[in-house]
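Structure first, commentary second.
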Amino acid sequence: VPVPVPAPEKRKRAKRPIALLAAVAIIAAVVGGGTAAVAENLTNGSSDSSSTVNGTTVSASSNGTVSGVASAVSPSIVEIGATSTSGSSTGSGVIITSDGEIVTNNHVVTGASSIKVTMSDGKTYTAKVVGTDAKKDLALIKLENASGLKAASLGDSSKIAVGDQVVAIGSPEGLSGSVTSGIVSALNRDVTVSTDESQSQGSDGGSGSGGGSDQWPFSYGGQDFNGSTGSSTTTYKAIQTDASLNPGNSGGALINMNGQIIGINSAMYSASSDSSTSSSSAGSVGLGFAIPINTVKADLDTLRAGGADSN
């Protein structure tokens, strides 16, 4: 006669798979909860809105927005007022060190006898020219007795592409901190500008409180824009943008959506055909150019040593 299996043994064998299933269910619930949390973070973005994008000062919650870029970078953009024997002019500049080194265009400060710089918060400094490079239309100036300033983050202009969204910040017509946006329209444009001091900002009607020269002549594709560049010129590879630029934007920043400077705005085409007309008739028609920031970075040591023009 077969021996019956003891009942307790049956209960033990029945409990093992149940316990195993319960353990698996608990693990699955934990993993599922973690997955849901990850999915929520990916959907809603970082739960810490104060975190920053690596290498920039744009908060993660504002990364990729024009307002976020403007809020983060505007404190690093200044208005430059230069006075020379030919008059006064207004341009823009980008703070690159906390003690007041500022990059701008050579044509903004060339021939200046005095330079006044106004910060985004309205504070003013006097500045001296450290070095100029007319062939690249670049200049480096230094504020006197400045410290603790917010320096801009310099990006990599070799990584930008046609169609990338960009933001421009400067002081068009003396309106400091003005923000415009657009896209990169083209790359490696051969832009020719004057290296003659007589063509500097303010020499053609830009004197006075209105700020900015009426025109800054340049040529592209064998055609002159905003008047004649004269006989003393230089050509550089430029970023083309349709972000609105106006007189006074020269030396200001062209910025990617991570808040990094990718170019120094240097030339814009005005619909005004007469360089002697009032600045109110000038304006952007979506044809602006900026010096790539990699060109600027490669020239910094030269500018800090007095510039190519000192040789």
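Values in this text are rule-based calculations from the coordinates and carry no lab data. Given the structure is predicted, the values throughout are model-derived calculations rather than measurements. As a convention, Cβ positions derive from the backbone with ideal geometry for all residues, glycine included, and neighbour counts pool all protein chains shown.
Could you compute the FRET efficiency for V66 and L300, with r as their C-beta to C-beta distance and R0 at 25 Å, rounded to 0.05? Once the sixth-power term is evaluated, E becomes 0.35.
For the pair T234 and K116, the difference between a 0.36 nm per residue extended length and the Cα-Cα distance amounts to 39.8 nm. Remark: spin-label model distance T97-K159 equals 2.5 nm, labels positioned 7 Å along the Cα→Cβ axis.
Any of K150/K297; K116/K142; K116/K150; K136/K297; K116/K297; K128/K159 with alpha carbons more than 22 Å apart? Name them for me. Cα-Cα > 22 Å for K116/K297; K128/K159; rest within. Other residues with beta-carbon under 12 Å from the beta-carbon of K128 carry, at +1 per Lys or Arg and -1 per Asp or Glu, a net charge of 0. Of the peptides 77-87, 125-135, 180-190, the ranking by mean beta-carbon count within 10 Å, highest at the top, reads 77-87, 125-135, 180-190.
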